[in-house]
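Data block below; observations after.
The values are calculated or read from the model by the stated rules, or taken from the named source; none is laboratory data. Not measured: the values here are computed from a predicted model. Neighbour counts are summed over all protein chains in view; Cβ atoms, including those assigned to glycine, are modelled from backbone coordinates with ideal geometry. Ligands, DNA and RNA are stripped out before the accessible areas are found, and what is left, the full protein with its side chains, is counted by its heavy atoms. Shrake-Rupley method; radii C 1.70, N 1.55, O 1.52, S 1.80 Å.
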Amino acid sequence: LLALSLSAPAVTIAQDEASPATRQKHAELALRLSQAADDSDFENAERGKIAEIPDGLILGKNGQVVWDRRPYDFLKNPTAPNTVNPSLWRQARLNAVHGLFEVVPNKIWQVRGYDIAVMTIIAGKSGWIIIDPLVTEEAAAASWKLFTDTIEPTLGKRPIRAMLFSHSHTDHFGGVGGILTAEQVKREKIRVIAPHGFS
């Protein structure tokens, strides 16, 4: 690209516009995507959605914004701007789907899109098993509330029996304090399961 730009005549382009060469490449890719596309990925991304946090807004204890889905509303537009690769735009639109999803009826749910990870909740024999409680306590607490407010009225209130961290990246354990306290874990004998070497 550097060699091309050195030999090409100088062109002034507005900061919010793609170069003619980029627009052409994006248009070619968009055409290939539209010829191969169906809506199954979007249908799959929405499958099982049963609830969402109003406005996608999660606030901290002092009223500060911790997570806000509203700035991503621009992704509702199915057509990518000419400055964005159409395939990446499509992926971003799929990633923007958020809410509480039932994965297996009355057994497994996921909360997606309120953090950079996904929290999974399983109905165990004696209570809830939570996997990967997100990265912040506020997002985890709001997601857990969304789950309990939606599911427990029909399935009944249950205790948390286990918290599982799938691996040691912060987004898979950082929010645990929004759902459990150390005292609660000890008092209720909640199993905390983590990879070898996790501290």
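Observations on the structure shown:
- Output for the stretch 39-63, where each listed residue is surrounded by fewer than 14 Cβ atoms within 10 Å (Cβ to Cβ), within 20 Å of T120 (Cα to Cα) and of a type in the set (A, V, I, L, M): I50
- Matching residues in the stretch 14-63 - criterion: being closer than 23 Å to L100 by Cβ, in a helix (DSSP H, G or I) and among the basic types (K, R): none
- Hits in the stretch 100-136 - residues which are among the charged types (D, E, K, R) and not in a strand (DSSP E or B): K107, D115, K125, D132
- Single match in V66, V103, V97 (criterion: touching a residue at least 24 places away in the same chain (Cβ under 8 Å), among the hydrophobic types (A, V, I, L, M, F, W, C), open to solvent by 40 Å² or more (accessible area, probe 1.4 Å) and over 17 Å from T148 (Cα atoms)): V66
- Identity of the residue in the stretch 69-84, open to solvent by 90 Å² or more (accessible area, probe 1.4 Å) and either part of a loop (DSSP other than H, G, I, E, B) or aliphatic (A, V, I, L, M) (or both), that ends up nearest to G99 (Cα to Cα): P78
- Any hit, the stretch 77-95, residues being touching a strand residue (DSSP E or B) at 6+ places or on another chain (Cβ under 8 Å) and not hydrophobic (A, V, I, L, M, F, W, C): no
- Total residues in the stretch 149-192 satisfying the condition of being exposed (fewer than 14 other Cβ atoms within 10 Å of the Cβ), within 23 Å of the chain's Cα centre (by Cα) and assigned to a helix (DSSP H, G or I): the figure is 3.
- When Y114 is tested against (1) under 25 Å from F42 (Cβ atoms); (2) of a type outside the set (G, A, S); (3) surrounded by 15 or more Cβ atoms within 10 Å (Cβ to Cβ); (4) at pLDDT 95 or above, just one condition goes unmet, and that condition is (4).
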